[in-house]
Amino acid sequence: MAAQLSIVYSHSQHVKMVHSMLRTSALFVLVSTSAAFPNERAETIAKCVSAFATGDQSGFAATASEVRSWGNLEDDALQKAATACLALAPTETAKDEETVAVPVIANTAEEFLARLDADPNSVEQIVMEIAELSTLSMPLDDRAKRLEAAILAYARPLPAAKANENRLAYLALTKINPDDASYASKVEQYQAALEAQAREDERRKAAIAKQLIKTTAEFDGSSWYRHPSSPRYQDTRDYVTLYIVESGAGVRSLEFFVNYTSRDGWLFVEGAQINVDGKITQLPPTQWARDNDTEIWEWAAYRGNETMIKLAKQIAESDRSVIRFNGQQFYDDHVITDTEKKVIREMLLAWDAMGPSASD
């Protein structure tokens with residue numbers, strides 16, 4: 001029977017959630033097992049889960065002890081039910097009242113297969129968990145081979161462009177079946193692809209940073225950098241973009257900038273919202289500036305705001321994003337163009353290359 005490990009958590013609510021999930025998993029395998037095994041062992045496992053569900057600690061301890069005494073069972077379905085039963089072992093209060101020990105089943109083929117049977121879509125999460133293990137104690141028996149086949153079925157359709165997903169899948173397979181040299185070879189192949197992509201990304205970041213247009217103020221030596229494809233003048237059109245702003249001392253920050261332009265008159269913008277693929281975000285309150293010549297333009301800037309940078313990333317990868325400028329009486333909408341999204345993506349890459357300090 002799978003060994004029991006203990007992991008210490010500091011939140012009792014999380015413990016209750018874990019046990020609720022384990023109980024659900026146990027009941028699932030018992031439902032599928034009871035019809036196939038209408039015998040004493042199946043009944044004992046059912047009593048084990050029932051005692052846990054009703055809070056009968058002594059009843060659970062007695063039935064769990066009996067189940068544990070059976071050792072490994074030859075039948076796969078009954079083994080999974082027994083493993084799920086033992087996973088319900090009650091928590092123990094640690095010396096610190098706010099910490100408790102949560103029992104977790106050792107990493108076994110039975111555990112992973114039970115989860116896959118309950119939810120086939122969990123394969124990606126299981127792959128990540130196995131790949132992150134330093135070692136995996138799992139004999140290459142029928143259960144391990146079933147797990148190996150399930151992960152292979154997940155890995156084979158993955159496109160080569162998903163190098164990291166492929167690497168993790170074959171890394172997991174090396175843990176299950178280390179004797180298959182083809183798995184290790186695949187890991188090396190995709191690791192090399194990831195490293196090559198990382199080098200290309202660094203080269204591209206540096207190239208984009210060199211293309212930025214820098215404007216420096218004579219008064220205090222402060223500067224700002226814009227993308228060559230971003231508007232040179234604000235009165236040309238509505239837009240959303242990013243700038244890199246640098247103080248005279250060389251300290252840099254990333255600025256999220258929104259601009260409204262009109263020939264028809266002032267909107268007197270008081271705020272704005274952005275709809276990113278159906279999710280609407282209200283921009284934080286700020287002071288809107290205004291100016292005019294033959295056109296009028298109104299704008300707002302958010303400098304060094306991590307929430308706004310996260311929003312910029314979402315816009316850059318979105319299918320459709322729309323900004324609504326809310327005025328004193330009316331509003332106006334602007335669909336963020338593909339060019340604007342490209343500018344935002346490349347400004348984010350340039351920021352990664354340049355960093356927060358001119359000395360970097």
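The values are calculated or read from the model by the stated rules, or taken from the named source; none is laboratory data. These numbers were taken from a predicted model, which means no experiment stands behind them. Cβ: placed from backbone, ideal geometry, glycine included. Neighbour counts: every protein chain shown. The area values use the complete protein model at the heavy-atom level, side chains included, leaving out ligands, DNA and RNA. Shrake-Rupley method; radii C 1.70, N 1.55, O 1.52, S 1.80 Å.
Values computed for the structure shown
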{"item": "Exclusive hit being at pLDDT 50 or above, surrounded by 16 or more Cβ atoms within 10 Å (Cβ to Cβ) and part of a loop (DSSP other than H, G, I, E, B), set Leu78, Leu73, Leu113", "result": "Leu73"}
{"item": "Of all residues in the range 184-234 being part of a helix (DSSP H, G or I) and of a type in the set (Val, Ile, Thr), the one that is nearest to Ile296 (Cα to Cα)", "result": "Ile208"}
{"item": "Close pairs (7 angstrom Cβ cut-off, 6 or more residues apart or separate chains): within 30 Å of Asn292 (Cβ to Cβ) and assigned to a loop (DSSP other than H, G, I, E, B) in the range 235-253, aromatic (Phe, Trp, Tyr) and open to solvent by less than 20 Å² (accessible area, probe 1.4 Å) anywhere", "result": "Asp238/Tyr260"}
{"item": "Residue match in the range 299-307 (condition: without any contact (Cβ under 8 Å) to a residue 40 or more places away in the chain and open to solvent by 20 Å² or more (accessible area, probe 1.4 Å))", "result": "yes"}
{"item": "Pair list, Cβ < 7 Å and 6+ apart or interchain, from the range 331-347 residues that are within 14 Å of Leu242 (Cα to Cα) and in contact (Cβ under 8 Å) with a residue 12 or more places away in the chain to residues that are among the polar types (S, T, N, Q) and buried (at least 17 other Cβ atoms within 10 Å of the Cβ)", "result": "Ile336/Ser321; Glu340/Thr241; Val343/Ser230; Val343/Thr241; Ile344/Thr241"}
{"item": "Strands (runs of 3 or more DSSP E) (entirely within the range 258-360) containing at least 2 residues that are of a type in the set (D, E, K, R)", "result": "289-292, 296-303, 331-335"}
{"item": "Residue count for the range 121-166, restricted to those that are open to solvent by 50 Å² or more (accessible area, probe 1.4 Å) and either in a helix (DSSP H, G or I) or in contact with a Lys or Arg (Cβ under 6 Å, 6 or more places away or on another chain) (or both)", "result": "13"}
